[in-house]
Amino acid sequence: MRKPFVAGNWKMNTDSSSSVGLAEGIASGVTETAGTKATVAVFPPFIYLQSVIKALGTSSISVGAQDVYFEPDGAFTGEISTSMLKDIGCTYCLCGHSERRHVIGETDELINRKLGAAIAGGLLPVLCVGELLAEREASKTNDVVTRQLKNGLAGLSEEKVSAVTIAYEPVWAIGTGLTATPQQAQEVHDFIRKLLAGMYSDELAGGIRIQYGGSAKPDNAAELMTQPDIDGLLVGGASLKADGFLAIIKGAI
Ligand code: PEP
């Protein structure tokens, strides 16, 4: 039985005061039941990680970074390492979010190095994969997802991959208000799980959590979560208001 995993990606939003306010709002609204039934995490901007961790206090909510660099330390201006993130209390990190792939220009190879470093350093990575609209329209969704998964996980043992969560995020649904239908999402989630079974084992594929991301909202969370292979939600815009994010968590459990 896979525990639902609901995460809020705050992207480059909030400021020092609103990030703390948002964290406090989520922490005070997460009921004990929700905290037990689901894994809940937030991914604030790097600069607010420490204050958000403090604001979350003893709540069950975990914190992750939106990115990580693969080198442990040294002359890498502007980058943040796994050990720095662990040092301040982060549990998770995103790897290969579509905005990093398509806006910043990250390659599968770079994402693979980041993912490997995150696991080696004890962070739990969320590997984001998903196709562009033109790729879906050209019936290339499965090819894209296969390439991103195989390259993203290259060289990692089954044991290491068991630390990973996959987020299927069709790029055309991110921040656009367009949500994949539960059936469209389920089709790709099922494909991903079968692909992982072939790459590793049925046991690995049966245990790994696959989140859906792309305009998830309070009014579609529960329906998306009815699908057998949707194990959680990675939420962008709708995670920026505590009430909305709490409603999504409620819908997911
Ligand atoms: C995301 O940032 O991962 C995301 C899914 O964004 P949104 O929910 O705004 O589409």
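Taking the criterion of being within 18 Å of the chain's Cα centre (by Cα), in contact (Cβ under 8 Å) with a residue 12 or more places away in the chain and farther than 23 Å from GLU187 by Cα, would at least one residue in region 145-160 satisfy it?
Yes: region 145-160 contains one or more residues that are within 18 Å of the chain's Cα centre (by Cα), in contact (Cβ under 8 Å) with a residue 12 or more places away in the chain and farther than 23 Å from GLU187 by Cα.
Are any residues in region 1-41 assigned to a helix (DSSP H, G or I) and β-branched (Val, Ile, Thr), and if so, which ones?
Restricting attention to region 1-41, the residues satisfying the condition of being assigned to a helix (DSSP H, G or I) are 16-29, 32-37.
Listed by number, the residues that qualify are VAL20, ILE26, THR33, THR36.
List every residue pair whose Cβ atoms lie under 6 Å apart, where the two residues are 6 or more positions apart in sequence or sit on different chains, the first residue falls within region 128-143 and is among the polar types (S, T, N, Q), and the second residue, located anywhere, is away from the ligand (no atom under 15 Å from the Cβ).
ASN142/PHE191
For region 74-100, give me each residue that is without any contact (Cβ under 8 Å) to a residue 12 or more places away in the chain and at negative phi.
Filtering region 74-100 down to residues without any contact (Cβ under 8 Å) to a residue 12 or more places away in the chain leaves 74-79, 84, 87.
Hits for region 74-100 are ALA75, PHE76, THR77, GLU79, MET84, ASP87.
Quick check, is ALA117 surrounded by fewer than 19 Cβ atoms within 10 Å (Cβ to Cβ), of a type in the set (A, V, I, L, M, F, W, C) and either out of contact with any strand residue (DSSP E or B) (no Cβ under 6 Å at 6 or more places or on another chain) or over 19 Å from ILE192 (Cβ atoms) (or both)?
no
Residue by residue through region 142-186, note down the ones that are charged (D, E, K, R) and under 19 Å from ASP219 (Cα atoms). Don't jump to the end; show me each part of the working.
If we filter region 142-186 for residues that are charged (D, E, K, R), which is where we start, we get 143, 147, 150, 158-160, 169.
Selection gives GLU169 alone.
Can you tell me how many residues in region 101-131 are within 16 Å of the ligand (Cβ to nearest atom) and in contact with a helix residue (DSSP H, G or I) (Cβ under 9 Å, 6 or more places away or on another chain)? Don't jump to the end; show me each part of the working.
Applying the first criterion (within 16 Å of the ligand (Cβ to nearest atom)) to region 101-131 yields 101-104, 106, 111, 125-131.
After this cut, where a residue has to be in contact with a helix residue (DSSP H, G or I) (Cβ under 9 Å, 6 or more places away or on another chain) as well, the list is 101-102, 106, 111, 125, 127-131.
Total satisfying the criteria: 10.
Regarding region 83-100, can at least one residue be identified that is surrounded by fewer than 22 Cβ atoms within 10 Å (Cβ to Cβ), assigned to a loop (DSSP other than H, G, I, E, B) and within 16 Å of the ligand (Cβ to nearest atom)?
no
Output the residues belonging to region 1-29 that are within 16 Å of the ligand (Cβ to nearest atom) and surrounded by fewer than 17 Cβ atoms within 10 Å (Cβ to Cβ).
MET12, ASN13
Read the figures in this text as sums done on the coordinates, not as results from a lab. In this text the structure is predicted, and so the values were computed from the model without any measurement. All Cβ positions, even for glycine, are placed from backbone atoms using ideal geometry, and neighbour counts span all protein chains on display.
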